[in-house]
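*Asks:* Sharing a structure below in structure tokens format, with a few things to ask.
The values are calculated or read from the model by the stated rules, or taken from the named source; none is laboratory data. Bear in mind the structure is a predicted one, so any value in this text is a computation, not a measurement. Cβ: placed from backbone, ideal geometry, glycine included. Neighbour counts: every protein chain shown.
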Amino acid sequence: MKAILTSIFILLITFSCKTVKPPVTIDNLNIEIKESIIVTADLIWESDLNKSNIEDYEFGFIYQKNAEEENINYFTLNNNLENVTANVDNDLNMYYSFDDFTVFDYVIPISIRGYVITDKEKVIYTKDVKTYKIYELAFASNSTLAKRIIDEVGLNIDFAESFNLEFLIDNNNRGFKVKASFNEYNENHIYGIIYKYNASKVEQDNFNFNVNDYYIVYESELDAFLEVSFNEVSEASYFYDITFRSFVYNKDSKSFTFIDRPITTSLYDLALLDDSAFGEYVVSKVVVIDELFINTDVLGEYEVGSHSEGVNVVMEYDYLTVRLIITVKEGYRFSNDISFEDIEILRVDDDIRVDNFTMEVTGVLIIIEYDDYGWGPPM
């Protein structure tokens, strides 16, 4: 009898722990720019019966502009985020067309999550939250709307010498602050700063909304200046280059005005000009590389042998160009003043120094290219 009761108990536990499949799941969340800006998601139905009861379900998308976090626990219906009711197409997948985005909305990140409310009041969400920039997506589309978006942003950018960016070491919060001031303050303006970590040299020189992976902060109401704080910066990030540019968006003219030149700096660069205890600590933690040597073809052709301390070197080739990708290890950074004369590249097998090369330099990355000296078919 005891054995029978035990078996029944185990069966009850097994039954109670069995995972119940939801009637529908959501996958492949995506934004496309066609005749309109459309967010779509695939609905995967558990059975035909669930499909036939489609009128019992509510479909929608939660979204937030320039979200501070993409945590799935934050992107839920009870967090007072914006949401829209989606339509269902002939294939029983969901979609929604946005028609109220402004030109400014095109350049800020928009985070989206799909949801379905079942007939039993249960909410089913997409597994993740996805973030898009409409302006960035427009370059991958051939639609008339995409071309108009590119023009509305790119052709409406001006520059102002009167804007100012100030950088201050924050000793108390072990980081730094960036303050942007502007020559006027208007209720029809939006004031912002865009920035990117470890931008390439080309991106640093031409920094605006055309680069990928930038961050943006902005305010509509501003009395004196716009401030961004970088607190508790990790030691590994002391030497990371960050490129900044401030701007004003005019809601009436739908145009942007940027500070006349972008500024690239790092916590280490700022610490060099600061005599606070934290500034001195930052400087003590970073080793600056101002010379570089790389020996190639040591054991075989197209192989890197020895090289300077504090770097990793990857060699690529295609029988047209040799490329050396040099990254710093933690605690190191390249000098801002490193030049061609400071770099020695030696082909050890035939004792030839490579003198004719191009290079792109940031604080954490150097890319060197020169004519391929090998022979053979293309890769």
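*Asks:* I need the full set of residues from segment 297-345 which are of a type in the set (Ser, Thr, Tyr), touching a strand residue (DSSP E or B) at 6+ places or on another chain (Cβ under 6 Å) and farther than 13 Å from Ile368 by Cα, in order please. Please lay out each step first, then the result.
*Replies:* In the first step, residues of segment 297-345 are kept if they are of a type in the set (Ser, Thr, Tyr); the result is 302, 306, 308, 317, 319, 321, 327, 332, 335, 339.
Narrowing further to those that are touching a strand residue (DSSP E or B) at 6+ places or on another chain (Cβ under 6 Å): 302, 306, 308, 321, 327, 332, 335.
Those that are of a type in the set (Ser, Thr, Tyr), touching a strand residue (DSSP E or B) at 6+ places or on another chain (Cβ under 6 Å) and farther than 13 Å from Ile368 by Cα: Tyr302, Ser306, Ser308, Tyr332, Ser335.
*Asks:* How do the pairs read when you match residues in segment 24-38 that are under 14 Å from Lys133 (Cβ atoms) with residues anywhere that are of a type outside the set (Val, Ile, Thr) and part of a strand (DSSP E or B), using Cβ under 6 Å and keeping only pairs 6 or more apart or on different chains?
*Replies:* Listed pairs, sorted by first residue: Ile31/Tyr132; Ile37/Phe98.
*Asks:* Which one of these is among the hydrophobic types (A, V, I, L, M, F, W, C) and either outside any strand (DSSP E or B) or outside the structural domain of Leu292 (by TED's automatic domain parsing) (or both): Ile338, Ile367, Ile345, Ile325? Don't jump to the end; show me each part of the working.
*Replies:* Values: Ile367 fails: either outside any strand (DSSP E or B) or outside the structural domain of Leu292 (by TED's automatic domain parsing) (or both); Ile345 fails: either outside any strand (DSSP E or B) or outside the structural domain of Leu292 (by TED's automatic domain parsing) (or both); Ile325 fails: either outside any strand (DSSP E or B) or outside the structural domain of Leu292 (by TED's automatic domain parsing) (or both).
Of Ile338, Ile367, Ile345, Ile325, the one residue that is among the hydrophobic types (A, V, I, L, M, F, W, C) and either outside any strand (DSSP E or B) or outside the structural domain of Leu292 (by TED's automatic domain parsing) (or both) is Ile338.
*Asks:* Name the one entry in Ser253, Ser335 that is surrounded by 13 or more Cβ atoms within 10 Å (Cβ to Cβ) and hydroxyl-bearing (Ser, Thr, Tyr).
*Replies:* Working: Ser253 fails: surrounded by 13 or more Cβ atoms within 10 Å (Cβ to Cβ).
On inspection, the qualifying residue turns out to be Ser335.
*Asks:* Just checking, which of Val282, Val233 is of a type in the set (Val, Ile, Thr), more than 30 Å from Gly154 (Cα to Cα), in contact with a helix residue (DSSP H, G or I) (Cβ under 6 Å, 6 or more places away or on another chain) and assigned to a loop (DSSP other than H, G, I, E, B)?
*Replies:* On the way: Val282 fails: assigned to a loop (DSSP other than H, G, I, E, B).
Only one candidate qualifies: Val233.
*Asks:* Here's a follow-up. Would you please list the contacts, defined by Cβ atoms under 7 Å and residues six or more apart or on different chains, that run from a residue in segment 91-118 that is at negative phi and surrounded by fewer than 16 Cβ atoms within 10 Å (Cβ to Cβ) to a residue that is part of a loop (DSSP other than H, G, I, E, B) and small (Gly, Ala, Ser)?
*Replies:* That search, which allows pairs on different chains as well, returns Ser97/Ser36; Asp99/Ser36.
*Asks:* Do we find that Ser52 is over 39 Å from the mean Cα position of the chain (by Cα) and either loosely packed, with under 14 Cβ neighbours inside 10 Å or modelled with pLDDT under 95 (or both) in this structure? Show your work before the answer.
*Replies:* Numbers: over 39 Å from the mean Cα position of the chain (by Cα): yes; either loosely packed, with under 14 Cβ neighbours inside 10 Å or modelled with pLDDT under 95 (or both): yes.
Yes, satisfied.
*Asks:* List pairs: first in segment 43-57 and more than 16 Å from Val88 (Cα to Cα), second assigned to a strand (DSSP E or B), Cβ under 9 Å, 6+ apart or cross-chain?
*Replies:* Short answer, once both residue conditions are applied: Glu46/Val24; Glu46/Thr25.
*Asks:* Is it true that Ser266 is over 30 Å from Asn356 (Cβ atoms), of a type outside the set (Asp, Glu) and surrounded by fewer than 16 Cβ atoms within 10 Å (Cβ to Cβ)? I'd like the intermediate steps shown before the answer.
*Replies:* Numbers: over 30 Å from Asn356 (Cβ atoms): yes; of a type outside the set (Asp, Glu): yes; surrounded by fewer than 16 Cβ atoms within 10 Å (Cβ to Cβ): no.
It is false that Ser266 is over 30 Å from Asn356 (Cβ atoms), of a type outside the set (Asp, Glu) and surrounded by fewer than 16 Cβ atoms within 10 Å (Cβ to Cβ).
*Asks:* Right, here's the next one. Give segment 171-223 a look and list any residue that's modelled with pLDDT of 90 or more and aromatic (Phe, Trp, Tyr), or say none.
*Replies:* Phe176, Phe182, Tyr191, Tyr195, Tyr197, Phe207, Phe209, Tyr214, Tyr215, Tyr218 - these are the residues of segment 171-223 that are modelled with pLDDT of 90 or more and aromatic (Phe, Trp, Tyr).
*Asks:* Also, I was wondering about something else. Out of Ala41, Ala67, I need the residue that is aliphatic (A, V, I, L, M), in the same structural domain as Ala86 (by TED's automatic domain parsing), buried (at least 16 other Cβ atoms within 10 Å of the Cβ) and more than 21 Å from Ala140 (Cβ to Cβ). Which one?
*Replies:* Working: Ala41 fails: more than 21 Å from Ala140 (Cβ to Cβ).
Just one listed residue meets the conditions, Ala67.
*Asks:* If you don't mind, there's one more thing I want to ask. When you scan segment 163-211 for strands (runs of 3 or more DSSP E) that lie fully inside it, which ones turn up with 2 or more residues that are more than 22 Å from Tyr106 (Cβ to Cβ) and assigned by TED's automatic domain parsing to the domain that holds Phe244?
*Replies:* Numbers: elements: 164-170, 175-181, 189-197.
Passing ranges, in order: 164-170, 175-181.
*Asks:* In the list Phe247, Phe182, Phe225, Phe167, which residue meets the criterion of being under 28 Å from Val283 (Cα atoms), of a type in the set (Phe, Trp, Tyr) and surrounded by 14 or more Cβ atoms within 10 Å (Cβ to Cβ)? First the steps, then the outcome.
*Replies:* Numbers: Phe247 fails: under 28 Å from Val283 (Cα atoms); Phe182 fails: under 28 Å from Val283 (Cα atoms); Phe225 fails: under 28 Å from Val283 (Cα atoms).
Going through Phe247, Phe182, Phe225, Phe167 in turn, the sole match is Phe167.
*Asks:* Moving to a separate point now. Can you go through Asp252, Asp223, Asp269 and tell me which one is closer than 30 Å to Gln64 by Cβ, touching a residue at least 40 places away in the same chain (Cβ under 8 Å) and of a type outside the set (A, V, I, L, M, F, W, C)?
*Replies:* Details: Asp223 fails: touching a residue at least 40 places away in the same chain (Cβ under 8 Å); Asp269 fails: closer than 30 Å to Gln64 by Cβ.
Of Asp252, Asp223, Asp269, the one residue that is closer than 30 Å to Gln64 by Cβ, touching a residue at least 40 places away in the same chain (Cβ under 8 Å) and of a type outside the set (A, V, I, L, M, F, W, C) is Asp252.
*Asks:* To continue, here is another question. Could you tell me which residue of segment 84-107 is modelled with the lowest pLDDT, considering only residues that are more than 30 Å from Trp45 (Cα to Cα) and outside any helix (DSSP H, G or I)? Steps first, please.
*Replies:* Narrowing segment 84-107 to residues more than 30 Å from Trp45 (Cα to Cα): 100-107.
Right, trim to outside any helix (DSSP H, G or I) and you get 100-102.
Working: Asp100: 88, Phe101: 94, Thr102: 95.
Per the criteria, the residue is Asp100.
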